[in-house]
Amino acid sequence: FPVTIGQVYRNPANEVLNVDYALPIGTSNARMVLYSISGQIVDTFQIQGDATNTAQFDVSRLSAGIYTASLEVDGLSIGNQRIAVAH
């Protein structure tokens, strides 16, 4: 069962950003991180290895611009999706 970052929807996002991911059951120490274009962490969503799920970020408070959603397991980036926030 592969570790993957999947579909990102409402892209561009204005209030809520959903990021699909898949992790093997039992995976621990995993998180979805939202980075600004300058590489600063703006939000983190701790996740568990329990099949396919969705991380949901509230982006209503973020400035309009480009961000990166990154799936990280044990401190290693597994995959990234570029997203836009527009208000």
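The values are calculated or read from the model by the stated rules, or taken from the named source; none is laboratory data. Treat the numbers as computed from the prediction; the structure is a model and nothing was measured. A quick note on method: Cβ atoms are made from the backbone with ideal geometry, for glycine too, and the neighbour counts reach across all protein chains shown. Only protein heavy atoms, including side chains, enter the accessible area calculation; ligands, DNA and RNA are left aside. Shrake-Rupley method; radii C 1.70, N 1.55, O 1.52, S 1.80 Å.
Quick one, can you get me the convex hull of the C-alpha atoms of the chain expressed as volume per residue in Å³?
Expressed per residue, the convex hull around the Cα atoms of the chain is 75 Å³.
Exactly which trypsin sites (Lys or Arg not before Pro) in segment 1-84 are in a DSSP loop and have at most 15 other Cβ atoms within 10 Å?
Loop-located and lightly packed - Arg10, Arg61.
Just to check I understand the Karplus step: with θ = phi - 60° and J = 6.51 cos²θ - 1.76 cosθ + 1.60, what whole-Hz values come out for segment 4-21, glycine and proline as x?
Residue by residue, segment 4-21 yields 9, 9, x, 5, 10, 9, 6, 10, x, 9, 10, 10, 10, 10, 10, 10, 6, 8 Hz.
Accessible area per residue, 1.4 Å probe, Å², for the chain: what's the number?
Each residue of the chain exposes 56 Å² on average to a 1.4 Å probe.
Non-local amide H neighbours of Gly49 (under 5 Å, H modeled in plane, Pro and chain starts lacking H): which ones?
Gly26, Thr27
Under the Karplus relation 6.51 cos²θ - 1.76 cosθ + 1.60, θ = phi - 60°, what is the ordered set of whole-Hz ³J(HN,Hα) values for segment 62-74, x standing for Gly and Pro?
7, 5, 4, x, 9, 9, 10, 9, 10, 8, 10, 10, 6
Need one word for segment 1-44: rounded, prolate or oblate. Basis is the Cα gyration tensor (sqrt eigenvalues a ≥ b ≥ c); a/c below 1.5 gives rounded, then a/b vs b/c decides.
Note, shape of segment 1-44 comes out oblate.
Quick check: at a probe of 1.4 Å, how many percent of the accessible area of segment 1-49 sits on carbon and sulfur atoms?
Values: 1380 of 2800 Å².
Its accessible area is 49 percent carbon and sulfur atoms.
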